[in-house]
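Below is the structure I would like to discuss, written out as structure tokens.
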Amino acid sequence: MKQKKLLYTGKAKSVYHTDVKGTLIVEFRDDITAFDGGRKDTLKNKGSYNAGVSAFFFSCLEKNGVKTHFLEMLDGNRMAVRELSMIPLEVIVRNLAAGSIVRNYPFREGMPLKSPVIVIDYKDDSRHDPMLNDDLIVALKLATPAELMKIKAIALKINTILSALLAKQGITLVDFKMEFGRQGKTIYLGDEISMDSMRLWDKKTGESLDKDVYRFNKGDVMATYNRVAARITKRPKDATPKKKAAAPKKASKRTRQKFHNT
Ligand code: 5GP
């Protein structure tokens, strides 16, 4: 398969056309951002850790009957995917209270939610991804009521599968974000599921194993991503990098409060 023209470039991934009709290539770059792009860094190997974990999750989900855009890995950073018409929704499933729902509602951090809570945001950086409700989604013609029902059912199924898979590795799936797309009338899971888009806590220590390490300067991000990727996919850890990565710049308190966690 030949990589062709760039179709789209996001904050951490680029999407390319290919010479195969209906197939695109997603490249996971080493860029990492937070607070609506208010903070940016490039961290060596980050792309491959996220690509590896995403591919692993997509394969598990497919085996469990969830339709995803994943076709195959081409190399450490590049994934061949089914071309979808993406729906601009960020579908978040939460099992424990953390992040924006603790900031915006009277939940205590780490409070278990009786049943998973689905929150859907409008994917629009210029508006800081505002939260939607079902009526707004239908009024904006982002999805039909039937599609919305289907998306929520798939999201809950994915949550059940991934929560069980991660629990076996001693990891709690606190919350995660998904994006969906259509091909004809079929809804597929698109985008990625990786440490950038999930909150993962070590069951024993409560340690963050995800992008919160970067967002809130909780430690060495790449050492965490390497460790957690190895733990999830059960591959041996890379050799420890000799040079310690420079600590990324701190975002101002105001920026941290204003934007939520992209
Ligand atoms: P929160 O609403 O608490 O900021 O985020 C909830 C979950 O969804 C977290 O796991 C977070 O990483 C993920 N999430 C929310 N918005 C985005 C986004 O714009 N990009 C990515 N990659 N993940 C997001």
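The values are calculated or read from the model by the stated rules, or taken from the named source; none is laboratory data. What you see is a predicted model, and the numbers here were worked out from it, not measured in a lab. Note: ideal-geometry Cβ built from the backbone for every residue, glycine included; neighbour counts use all protein chains shown.
Looking at segment 81-97, is at least one residue surrounded by 18 or more Cβ atoms within 10 Å (Cβ to Cβ), among the acidic types (Asp, Glu), modelled with pLDDT of 95 or more and out of contact with any Pro (no Cβ under 9 Å at 6 or more places or on another chain)?
Of all residues in segment 81-97, those surrounded by 18 or more Cβ atoms within 10 Å (Cβ to Cβ) come to 81, 83-84, 87, 89-97.
So of that shortlist, the ones also among the acidic types (Asp, Glu) come out as 83, 90.
Right, trim to modelled with pLDDT of 95 or more and you get 83, 90.
Subset that is out of contact with any Pro (no Cβ under 9 Å at 6 or more places or on another chain): 83, 90.
Yes, the conditions are met somewhere in segment 81-97.
Among the residues of segment 55-83, write down those that are in contact (Cβ under 8 Å) with a residue 40 or more places away in the chain and among the acidic types (Asp, Glu).
Within segment 55-83, just 83 meets the criteria.
Considering each residue of segment 121-147, count those that are within 15 Å of the ligand (Cβ to nearest atom) and assigned to a helix (DSSP H, G or I), and give that number.
Result for segment 121-147: 3.
Give segment 36-57 a look and list any residue that's closer than 28 Å to residue 128 by Cβ and within 15 Å of the chain's Cα centre (by Cα), or say none.
Of all residues in segment 36-57, those closer than 28 Å to residue 128 by Cβ come to 36-43, 46-47, 49-51, 53-54, 57.
Listed by number, the residues that qualify are 36, 46, 47, 49, 50, 51, 53, 54, 57.
May I ask you to list the residues in segment 4-51 that are modelled with pLDDT under 95 and β-branched (Val, Ile, Thr)?
Within segment 4-51, none qualify.
Another question about this same structure. Which residue pairs have Cβ atoms under 8 Å apart, sit 6 or more places apart or on different chains, and have a first residue in segment 84-99 that is more than 14 Å from residue 129 (Cα to Cα) and a second that is of a type in the set (S, T, N, Q)?
The qualifying pairs are 84/183; 85/183; 93/159; 95/159; 95/163; 95/172; 96/172; 99/261.
Something else now. Among the numbered criteria (1) in a helix (DSSP H, G or I); (2) buried (at least 19 other Cβ atoms within 10 Å of the Cβ), which single criterion is violated by residue 59?
That leaves (2) as the condition not met.
What is the residue count in segment 1-51 for residues that are among the β-branched types (Val, Ile, Thr), outside any loop (DSSP other than H, G, I, E, B) and within 25 Å of residue 184 (Cβ to Cβ)? Spell out the reasoning first.
Of all residues in segment 1-51, those among the β-branched types (Val, Ile, Thr) come to 9, 15, 18, 20, 23, 25-26, 32-33, 42.
Checking which are outside any loop (DSSP other than H, G, I, E, B) leaves us with 9, 15, 18, 23, 25-26, 32-33, 42.
Checking the rest, the ones that are also within 25 Å of residue 184 (Cβ to Cβ) come to 15, 18, 23, 25-26.
Counting residues in segment 1-51 that are among the β-branched types (Val, Ile, Thr), outside any loop (DSSP other than H, G, I, E, B) and within 25 Å of residue 184 (Cβ to Cβ) gives 5.
Scan segment 92-107 residue by residue and report those that are within 14 Å of the ligand (Cβ to nearest atom) and over 23 Å from residue 160 (Cα atoms).
Of all residues in segment 92-107, those within 14 Å of the ligand (Cβ to nearest atom) come to 92-105, 107.
Those that are within 14 Å of the ligand (Cβ to nearest atom) and over 23 Å from residue 160 (Cα atoms): 103, 104, 105.
Might you let me know whether segment 113-120 holds any residue that is in a loop (DSSP other than H, G, I, E, B) and either away from the ligand (no atom under 16 Å from the Cβ) or exposed (fewer than 13 other Cβ atoms within 10 Å of the Cβ) (or both)? Walk me through how you get there before you give the answer.
If we filter segment 113-120 for residues that are in a loop (DSSP other than H, G, I, E, B), which is where we start, we get none.
There is no residue in segment 113-120 that is in a loop (DSSP other than H, G, I, E, B) and either away from the ligand (no atom under 16 Å from the Cβ) or exposed (fewer than 13 other Cβ atoms within 10 Å of the Cβ) (or both).
Related question: In segment 1-16, which residue that is more than 22 Å from the chain's Cα centre (by Cα) and surrounded by 13 or more Cβ atoms within 10 Å (Cβ to Cβ) is farthest from residue 37 (Cα to Cα)?
Applying the filter and picking the extreme gives 1.
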